[in-house]
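What follows is a single structure, written as structure tokens, with notes after it.
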Amino acid sequence: AAVLVGAVVLIALAVFGARFVDRDFFPNTARDEMVVNLNFAEGTHISTTSSAALAMAEAMRELDEVVDVYAWAGFSGPTFYYNLSENPRSPHIGRLAIISRKVDDLPRIFDWVREYARDMLPDVEVVPQRLGQGPPVQAPIEVRLFGDDFEALRTASEQVMDVVRATEGTADVRETLGTGTPTLVFEVEDAAASRYGLDRSDVADALLGRTLGVTIGQYRAGLDPVPIVIRSPEGERFSTDHLDTAYVFARDGEIVPLAQLVRQSLVWQPSAIQHRDLQRVAIVLSELDQGYAFGNVTSELQRRLGEIDFPAGVTLEFGGKLESSGDANAAIFSAMPVGIVLLLVFLLLEFNSFRRLLMVLVTVPLAATGVVPGLLLSDNPFGFTALLGVIALAGIVVNNAIVLIDVLDSNLASGQALSDAIGDAVARRTRPILLTTVTTVAGLAPLTLTKSTLWPPLAWSIISGLLASTILTLLVVPAMCRYLLRAEVTVTAAAD
């Protein structure tokens, strides 16, 4: 009885201790590389983006921790690592790729990037990121807000950003709505334009000729045609204050001042209107601060966001790592019921006894008494690979119980008393079970020493869980046999 009570207490302690294990489904890599994403305001000329990216790259090359820096403007650069998120080509985005001398230098480079951005690029979204594992995401924390009303989305986005900033462990919080873009609106007076035989397309051509230019033909230089454009000498740099001084040429040759045909006004409009699944969306993004696990931060963030009253018509969903981990869990657990059913069927075919089935299945939670302390002591998070390790561990500990009960049944069938049968089974199967444990631990030990962040959680979950479950199996299964099989043996003896 003391053994069974002790096992229950250990399982309860493991369940309680699980809340102190960091949860990071796909951890960052241990590579000495990082990227810095630059996101200027919509409409920024690519020359501005390029100049800022090159200036930052040159400044970073002076750091002792940096080996080399590569810069791209107008797109997110080549995909030199599978996990990198790609952005569509646009003149207002840029990316830097940095190679450090060692992995431990990355936190100092992160601090330098944020300080440089504060001092030199205060109006630019500068986000340093480490290379991660798993499916590519925009950011580890991603909160999507859906709604048809732009002002409601703006209000909800500000609410979410306040909560995310106040949550411990977040960094580089930003959103996709932006501050908007000042836009000149020219409202054409159709009645005035019609008096001169003009329409809106004529007014648009006049404005285009003063700024970007009107294409009137093509000049073929070699294999590639070059457009022929007529525009003012200033082109894109034409002062907006003087746009209303442009002239529109009527079809009869008369020159009409633009100010007689339009009403000019300045308004703020969204820089970009994003949609997801045919719904207007605003996205709040955040990185994780150094030393914080994704699962711990997300749990607190979900709790806080659940207490917010959002404007009517606004709905919320999580993306980022939470979504990718959910997809991975769904893929794993969709096949798990089939595996559990097959396990139960084969165990019943093997033993033809629900009592023995129960004794075998009890060994599975015994593994938790080792998994939790192993991850805590090794300072590894519980993630995707650790989950795979726990699933594999369940098969190993079940096998230990099966071979022990099989020998016990053979002893009972030969006429031994229950106590003698249990003692003989433990004596005969202890060495093979321990040898299996030792060889498994020895085979997994090299994975605990690797610099990768992906495999140590798997190795430690199996090693620690197997060591604990092996010892407990040799104690708990015999103790359960004394209670569950006593009545069965008595009935058999009476029948004989």
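The values are calculated or read from the model by the stated rules, or taken from the named source; none is laboratory data. Quick caveat, the model's predicted, so the values are computed rather than measured. Positions of Cβ are generated from backbone atoms using ideal geometry, with glycine treated the same way; all protein chains shown enter the neighbour counts. For accessibility, only protein heavy atoms count, side chains too; no ligands or nucleic acids. Shrake-Rupley method; radii C 1.70, N 1.55, O 1.52, S 1.80 Å.
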Revision key, fill the gap. Restricted to the range 404-439 and to residues being open to solvent by 50 Å² or more (accessible area, probe 1.4 Å), touching an Asp or Glu at 6+ places or on another chain (Cβ under 9 Å) and assigned to a helix (DSSP H, G or I), the residue farthest from Leu467 (Cα to Cα) is Asp406
Review point. Given the conditions (1) open to solvent by 20 Å² or more (accessible area, probe 1.4 Å); (2) in a helix (DSSP H, G or I); (3) not hydrophobic (A, V, I, L, M, F, W, C), which single one is not true for Thr179?
Key: (2)
Point to revise | Where a residue in the range 251-264 is part of a helix (DSSP H, G or I) and its partner, wherever it lies, is of a type in the set (S, T, N, Q), with Cβ under 8 Å and at least six apart | key: Leu258/Thr245; Ala259/Thr245
Review point. Hey, does the range 66-83 have a residue that's open to solvent by 70 Å² or more (accessible area, probe 1.4 Å), under 19 Å from Glu287 (Cα atoms) and touching an Asp or Glu at 6+ places or on another chain (Cβ under 9 Å)?
Key: no
Practice item. Select from the range 270-313 the residues that are touching a Pro at 6+ places or on another chain (Cβ under 8 Å) and polar (S, T, N, Q) and list them in ascending order. Key: Ser286, Gln290
Check your understanding: Between residues in the range 137-166 that are basic (Lys, Arg) and residues that are at pLDDT below 90, which pairs lie under 7 Å by C-beta distance while being six or more apart or on different chains?
Key -> Arg144/Arg276; Arg144/Gly319; Arg154/Leu177
Exercise for review: Could you check, for the range 237-245, whether at least one of its residues is open to solvent by less than 50 Å² (accessible area, probe 1.4 Å) and touching a strand residue (DSSP E or B) at 6+ places or on another chain (Cβ under 9 Å)?
Suggested key: yes
Review point. Got a sec? Which of Glu168, Glu151 is open to solvent by 60 Å² or more (accessible area, probe 1.4 Å), in contact with a helix residue (DSSP H, G or I) (Cβ under 8 Å, 6 or more places away or on another chain) and farther than 21 Å from Val35 by Cβ?
Key: Glu168
Check your understanding: So Glu187 fits all but one of (1) at pLDDT 85 or above; (2) surrounded by fewer than 13 Cβ atoms within 10 Å (Cβ to Cβ); (3) part of a loop (DSSP other than H, G, I, E, B); what number is the exception?
Key -> (3)
Review point. Name the pairs: first residue in the range 406-431 and without any contact (Cβ under 8 Å) to a residue 12 or more places away in the chain and more than 22 Å from Leu347 (Cα to Cα), second residue assigned to a helix (DSSP H, G or I) and open to solvent by less than 60 Å² (accessible area, probe 1.4 Å), Cβ to Cβ under 7 Å, at least 6 apart or on different chains?
Key: Gln416/Asp424
**Study point:** Every residue from the range 445-462 that is within 18 Å of Val103 (Cβ to Cβ) and either touching a residue at least 12 places away in the same chain (Cβ under 8 Å) or not in a helix (DSSP H, G or I) (or both)
**Key:** Thr448, Thr450, Lys451, Ser452, Thr453, Leu454, Trp455, Pro456, Pro457
Study note, to complete from the structure: Among the residues of the range 334-367, the number that are open to solvent by less than 80 Å² (accessible area, probe 1.4 Å), touching a Leu at 6+ places or on another chain (Cβ under 9 Å) and in a helix (DSSP H, G or I) is 13
Practice item. Mind listing whichever residues of the range 114-135 are surrounded by 15 or more Cβ atoms within 10 Å (Cβ to Cβ) and over 30 Å from Ser452 (Cβ atoms)? Key: Tyr116, Ala117, Leu121, Val124, Glu125
Exercise for review: Pick out, from the range 66-150, the strands (runs of 3 or more DSSP E) lying fully within it that include 2 or more residues that are within 30 Å of Gly313 (Cα to Cα) and touching a Leu at 6+ places or on another chain (Cβ under 8 Å).
Suggested key: 141-146
Check your understanding: Does Arg144 satisfy the condition of being within 20 Å of Glu323 (Cβ to Cβ), open to solvent by less than 50 Å² (accessible area, probe 1.4 Å) and not aliphatic (A, V, I, L, M)?
Key -> yes
Check your understanding: Can you find even one residue in the range 210-227 that is open to solvent by less than 50 Å² (accessible area, probe 1.4 Å) and assigned to a helix (DSSP H, G or I)?
Key -> no
Practice item. Please verify whether the range 28-45 includes one or more residues that are modelled with pLDDT under 90, surrounded by 14 or more Cβ atoms within 10 Å (Cβ to Cβ), among the hydroxyl-bearing types (Ser, Thr, Tyr) and out of contact with any Pro (no Cβ under 8 Å at 6 or more places or on another chain). Key: yes
Check your understanding: Just to be sure, is Thr453 among the hydroxyl-bearing types (Ser, Thr, Tyr) and either closer than 22 Å to Phe384 by Cα or buried (at least 19 other Cβ atoms within 10 Å of the Cβ) (or both)?
Key -> yes
Review point. Taking Ala468, is it assigned to a helix (DSSP H, G or I), under 17 Å from Pro365 (Cα atoms) and modelled with pLDDT under 85?
Key: no
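For residues that are part of a strand (DSSP E or B) and more than 19 Å from Gln133 (Cβ to Cβ), tally how many sit in the range 273-296. Give the derivation first.
We begin by selecting, within the range 273-296, every residue part of a strand (DSSP E or B); these are 275-276, 279-288.
Restricting the remaining residues to those that are more than 19 Å from Gln133 (Cβ to Cβ) gives 275-276, 279-284.
Looking only at that region, the number is 8.
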Check your understanding: How many residues are open to solvent by less than 50 Å² (accessible area, probe 1.4 Å), out of contact with any helix residue (DSSP H, G or I) (no Cβ under 6 Å at 6 or more places or on another chain) and not in a loop (DSSP other than H, G, I, E, B) when one looks only at the range 306-321?
Key -> 2
